[in-house]
Amino acid sequence: MSAPNQLPIPDLEARPIDVEEFRAYTPEKFELLDGYLFDTGQHTEARRRLLRLLLVNVGLLEAVRLAPQERWREALQRVYEP
């Protein structure tokens, strides 16, 4: 588990989350606003927090199976290469 003010870091394998993590990182209710969950497209924090918690719960190995390898490579290049 992570520090109280720090989002959990996903591992390669799935791990269970506890009630405190659930309460801390999930929005109070699901809403759809202009085609985006929880808020508009410009405000990503609630989605990012939930996605991180889901990645912890699913594991990165399972998550990468959701998109083709080429997309992951392109995303990694865009984020980590200058």
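The values are calculated or read from the model by the stated rules, or taken from the named source; none is laboratory data. Predicted model only: the values in this text are computed from it and were never measured. Cβ sites come from the backbone with ideal geometry, for glycine too, and all protein chains shown count toward neighbours. Just so you know, the surface numbers come from the protein's heavy atoms only, side chains and all, with ligands and any DNA or RNA stripped out. Shrake-Rupley method; radii C 1.70, N 1.55, O 1.52, S 1.80 Å.
Comparing mean-square fluctuations of Arg71, Arg15, Arg47 from a GNM of the chain with C-alpha springs under 10 Å, the top value falls on Arg71.
3J(HN,Hα) along segment 68-82: x, 3, 4, 5, 5, 4, 5, 5, 4, 4, 5, 7, 9, 9, x Hz, from the Karplus curve 6.51 cos²θ - 1.76 cosθ + 1.60 with θ = phi - 60°, whole Hz, x for Gly and Pro. Within the listed set Leu37, Leu50, Leu60, the residue fluctuating most in the Gaussian network model of the chain (springs between alpha-carbon atoms under 10 angstrom) is Leu37. Roughly speaking, to the nearest percent, how much of the chain's 1.4 Å accessible area is carbon and sulfur? Percent of accessible area from carbon and sulfur atoms in the chain: 56.
A cut-off under 13 angstrom between Cβ atoms defines the neighbours of Phe38, and their net charge, with Lys, Arg +1 and Asp, Glu -1, is -1. Residues in segment 38-52 carry Karplus couplings, in order, of 6, 6, 6, x, 7, 10, 9, 4, 5, 5, 5, 5, 5, 4, 4 Hz; the curve used is 6.51 cos²θ - 1.76 cosθ + 1.60 with θ = phi - 60°, and Gly or Pro positions show x. For the residues Val58, Val79, a 1.4 Å probe over the protein chains yields an accessible-area ranking, largest first, of Val79, Val58.
On average, how much accessible surface per residue is there in the chain, in Å², for a 1.4 Å probe, leaving out ligands, DNA and RNA? Don't skip to the answer; put the middle values down first.
Values: 6890 Å² over 82 residues.
On a per-residue basis, 84 Å².
If you compute Kirkwood radius over Cα pairs in Å for the structure shown, which of (i) 13.3; (ii) 12.4; (iii) 14.2 do you land on? Given (i) 13.3; (ii) 12.4; (iii) 14.2, the calculated one carries the label (iii). Students often get this wrong: which residues of segment 18-39 have the backbone nitrogen under 20 Å from the point 7 angstrom along Cα-to-C-beta of Asn57? 18-33, 36-39, by backbone N distance to the label point.
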